[in-house]
Amino acid sequence: MAECDHVGRDRFLERYGFERARQYFLYHDGVHYDSKAIIGVAYRYVTGRPLAAGQFSGGQRTVGRLLEHLDFKVVTDEPPLPQQRLLALLGTLRVANTPDGPARHQPITLLWALGRAAHHRPRLVTWEDAHPELRSLMREYGQPSSKATPEFPLIALARTNLWELRGHVGPVPAAHGKPISWLEEQHPSFGLTAWAYELVVSDPSTRAEAVDTLDGLFFDGRIPDGLLKEVGLRRADDTNMTRPHGTSALETYLRLCGEIEAAEARGDHDRMRHTARDQPVRSPAAVKAVLVRSAGRCENPTCTGQPQDVTKNGGPILEVDHVQGRAIWGRDHPIQMIALCPNCHAIKTRGRTAEQLTELLRLEARSRHSAWLSRT
Ligand SMILES: [Zn+2]
């Protein structure tokens, strides 16, 4: 479960080749886990190698019974909607006490990340970039008796399904140790997990509820206006919140995906265009869908800033790329495509870190696509 929390559900399932659970969930600390996948991977911690999905059957009589025998809770309800999941995870954050009241490092870090999402800033940030911002927020809005130490919440949050820490080698150290030297040595990037980020980006009301939840839990309902302003958030009762891509963008995205899948089924995507070199015919719907999903922002979660320049038509300068490259691209479908600013596109094509970036973008495209689907 900790491994699943750490890498995120989709990545976890993909890593070990399991499907999402349809009926039986392991329910623990407010989170639903795919019961069969957890058992298969738990086996690795005993024997050194995981069980593959085909090696055992899931369901109540096998996996369910085993988990219950170990005193875990197995539930058969549908997992909650992502909104509820986000709010439940926020609601179960551990509140550490200081002489002045609840410690505020975690909520400040989360508010900072929510604010980044609200403004479509890249999901993942490096320690070097985030450290000064977080430290100054903590100095200003943390409890008087707490030191401004952003390293602790970053490490602690990485143990929840809300937060991602990536680009490091080996395990994340314990939050009570000396994480600062680890952060400086490993240079990881961090931020909200892709599903949480997508949700917060696309749904201002969830964002406002998330702020409210943190407010109630850590600030006694009196979250300072200055803090909200500094991280770029508004209160729930502010009605003039913008909707960067609301229901209509979601409808458009789903409609385009439907068209693409129908065209795939007809075999349209197998057609070749005969020019100097044979090239597959690209689906304009797929390009359009990716642009809708991007809301005009480079989808590389580690983008360091896309240009302010616009195209001749006034649109953002974005290039829609097949993550895997033509030779092995499976599908002309948003699940394997990504919108990139010219700089990120160049890094992916010919940069020194092209390989790592491609892997990151492959997972990002999948996560973003599944986050959009999960909103229906
Ligand atoms: Zn970029």
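The values are calculated or read from the model by the stated rules, or taken from the named source; none is laboratory data. Every value quoted in this text rests on a predicted model; they were computed, and no experiment measured them. Ideal geometry is used to build each Cβ from the backbone, glycine not excepted, and the neighbour counts take in all protein chains shown. Note: areas computed on protein heavy atoms with side chains; ligands, DNA, RNA excluded. Shrake-Rupley method; radii C 1.70, N 1.55, O 1.52, S 1.80 Å.
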**OP:** Would you work out the charge dipole size for the chain about its Cα centre, treating the Cβ of every Lys and Arg as +1 and the Cβ of every Asp and Glu as -1, and quote it to the nearest 20 debye?
**Re:** 720
Subject >> the chain: Cys lacking any partner C-beta under 4.7 angstrom >> reply: CYS4, CYS257, CYS344
**OP:** Just check the stretch 2-76 against the gyration tensor rule for me: Cα atoms, a ≥ b ≥ c as the square roots of the eigenvalues, rounded for a/c under 1.5, and otherwise prolate or oblate depending on whether a/b exceeds b/c.
**Re:** rounded
Subject >> Residue-normalised accessible area of the chain, expressed per residue, 1.4 Å probe, Å² >> reply: 51
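Which net charge results when you count Lys and Arg as +1 and Asp and Glu as -1 among the other residues whose beta-carbon is under 12 Å from that of LEU340?
-2
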Subject >> Derived scalar couplings ³J(HN,Hα) [the stretch 289-302; Karplus, 6.51 cos²θ - 1.76 cosθ + 1.60; whole Hz; x for Gly, Pro] >> reply: 4, 5, 5, 4, 4, 6, 6, x, 10, 3, 8, 5, x, 10
Subject >> Cα gyration tensor of the chain - equivalent ellipsoid semi-axes, whole Å, descending >> reply: 34, 28, 21
Subject >> Net +/- balance of residues flanking LEU137 in space, Cβ distance below 13 Å, scoring K and R +1, D and E -1 >> reply: +2
Original post:
According to the square roots a ≥ b ≥ c of the eigenvalues of the Cα gyration tensor, what is the shape class of the stretch 133-209, taking rounded for a/c under 1.5, prolate for a/b larger than b/c otherwise, and oblate for the remainder?
Top reply: oblate
**OP:** Would you mind working out the magnitude of the charge dipole of the stretch 82-242 relative to its Cα centre, with +1 at each Lys and Arg C-beta and -1 at each Asp and Glu C-beta, to the nearest 20 Debye?
**Re:** 220
Subject >> With every protein chain in place, the stretch 2-76: carbon and sulfur % of accessible area (1.4 Å) >> reply: 50
Original post:
Ignoring ligands, DNA and RNA, what percent of the accessible area of the stretch 82-242 is carbon or sulfur (1.4 Å)?
Top reply: 50
Original post:
Say the dipole of the stretch 248-373 comes from +1 at the beta carbon of Lys and Arg and -1 at that of Asp and Glu; which of GLY315, ALA285, GLY351 then lies farthest toward its positive end?
Top reply: GLY351
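Give, as a single signed number, the net charge of other residues whose beta carbon lies under 15 Å from the beta carbon of GLY8, with Lys and Arg counted +1 and Asp and Glu -1. Let's see the in-between values first.
Details: positive: ARG9, ARG11, ARG15, ARG20, ARG85, ARG123, ARG159, ARG166, ARG362, ARG366, ARG368; negative: GLU3, ASP5, ASP10, GLU14, ASP34, GLU164, GLU198, GLU359, GLU364.
After counting each charged neighbour, the total is +2.
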Original post:
Just how much of ASP10 is accessible, in Å², when a 1.4 Å probe is used and the result is rounded to the nearest 10?
Top reply: 50
**OP:** Could you point to the residue in TYR43, ILE223, LEU26 farthest towards the positive end of the chain's charge dipole, with +1 and -1 charges on the Cβ of Lys/Arg and Asp/Glu respectively?
**Re:** TYR43
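If each residue of separation counts as 0.36 nm, what is the full-extension length gain between ARG49 and ASP270 once their alpha-carbon separation is subtracted?
Extra length from ARG49 to ASP270 when fully extended: 75.7 nm.
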Original post:
Toward the positive end of the charge dipole of the chain, about the Cα centre and with charges on Cβ (Lys, Arg +1; Asp, Glu -1), which of GLY17, GLY142, SER367 goes farthest?
Top reply: GLY17
**OP:** Provide the gained length on full extension for the span VAL75 to SER205, in nm with one decimal, where the gain is 0.36 nm per separating residue minus the Cα-Cα distance.
**Re:** 43.9 nm
Subject >> Filtered trypsin sites (Lys or Arg not before Pro), the stretch 61-139: DSSP coil and at most 12 other beta carbons within 10 Å >> reply: ARG94
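With a 1.4 Å probe and all protein chains kept in place, how do VAL310, VAL172 rank by accessible area, largest first?
Result of the area sort, largest leading: VAL310, VAL172.
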Original post:
What nm value, rounded to one decimal, do you get for the distance between ARG15 and ASN97 when each label is placed 7 Å out toward the C-beta?
Top reply: 3.6
Subject >> Accessible surface of the stretch 248-373, 1.4 Å probe, proportion on carbon and sulfur as whole % >> reply: 50
